[in-house]
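Just below is one structure, and these are the notes that go with it.
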Amino acid sequence: MASLETPVCDFGWKAIDFDLPGVDGKRYSLAAAKGENGLLVMFICNHCPYVKAVRDRIIRDVKELAGYGIGAIAIMSNDPQDYPEDSFDNMVKVAKEYAYPFPYVWDETQEIAKVYGAVCTPDFFGFNSRLELQYRGRLDASRKEAAPNDARRDLFEAMVQVAQTGQGPKDQIPSIGCSIKWRAD
């Protein structure tokens, strides 16, 4: 299992639209997920210990960010052939078990992960209301284990700033996680 860090935020990079199937039977695009003040696009999966360590914090932060007009969507791009825990059926189970308050969608072709430049799970892309990238950093200091409960909420604080000003913080700490599990085409 390779651990990777995300690259530095490319401020102003425009979000690329998608049309992906959700675990709820609906299809989702940027417009369907975007909030009035921005959008958080998260690349996550079911099996990754980094995601498992912060799943409850992601849920908490997404719920609170909705109050600031920030929408959220989670994309699963791993190859479930090699990682059966990441199958669509298991995505449905995990989303129900944890009552995900955001659409959980499948990037079966891995095309969206590639055009976004996603490298790991979790990988967070925070966009302003004009869908310009303003945050590409970590959730908090968690790794494979959750950070202390009083850890600084990097992602949450950054996205509140984006909601209020349209701009993300200049200093960002990269996210770290398991590599995206690419197909061996």
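The values are calculated or read from the model by the stated rules, or taken from the named source; none is laboratory data. From a predicted model like this one, the values you see are computed outputs, not experimental measurements. With ideal geometry, Cβ positions are generated from the backbone for all residues, glycine too; neighbour counts draw on all protein chains shown. In case anyone asks, the SASA skips ligands and DNA or RNA and just uses the protein heavy atoms, side chains included. Shrake-Rupley method; radii C 1.70, N 1.55, O 1.52, S 1.80 Å.
How would the range 1-99 be classified by its alpha-carbon gyration tensor: rounded, prolate or oblate, with rounded meaning a/c under 1.5 and the a/b versus b/c comparison settling the rest? Judged from the Cα gyration tensor, the range 1-99 comes out rounded (a/c under 1.5).
Label sites at residue 19 and residue 3, each approximated as a point 7 angstrom past Cα along Cα to Cβ, lie 4.0 nm apart. Heavy-atom accessible surface of the chain, averaged per residue, reaches 45 Å², computed with a 1.4 Å probe.
Separation of the range 1-29 from the range 42-58 is 14 Å, based on Cα centroids. Packing-based ranking of 149-159, 117-127 yields 117-127, 149-159, ordered from highest to lowest mean Cβ neighbour count within 10 Å. For the chain, the square roots a ≥ b ≥ c of the C-alpha gyration tensor eigenvalues yield an a/c under 1.5, which makes the shape rounded.
Entry note, the chain: relative contact order of 34 percent, from Cα contacts under 8 Å with a spacing of 6+ residues. Which residues does a label at residue 129 reach in the range 59-85, if reach means a backbone N under 12 Å from a point 7 Å past the Cα toward the Cβ? Backbone N within reach: 69-70. Think of it this way: in the chain, 9, 45, 120 stand alone, with no other Cys Cβ under 4.7 Å. The portion of the accessible surface of the range 90-185 made up by carbon and sulfur, rounded to a whole percent, is 49 (1.4 Å probe; DNA, RNA and ligands excluded). The modelled label-to-label distance between residue 59 and residue 167, using points 7 Å beyond Cα along the C-beta direction, is 3.6 nm.
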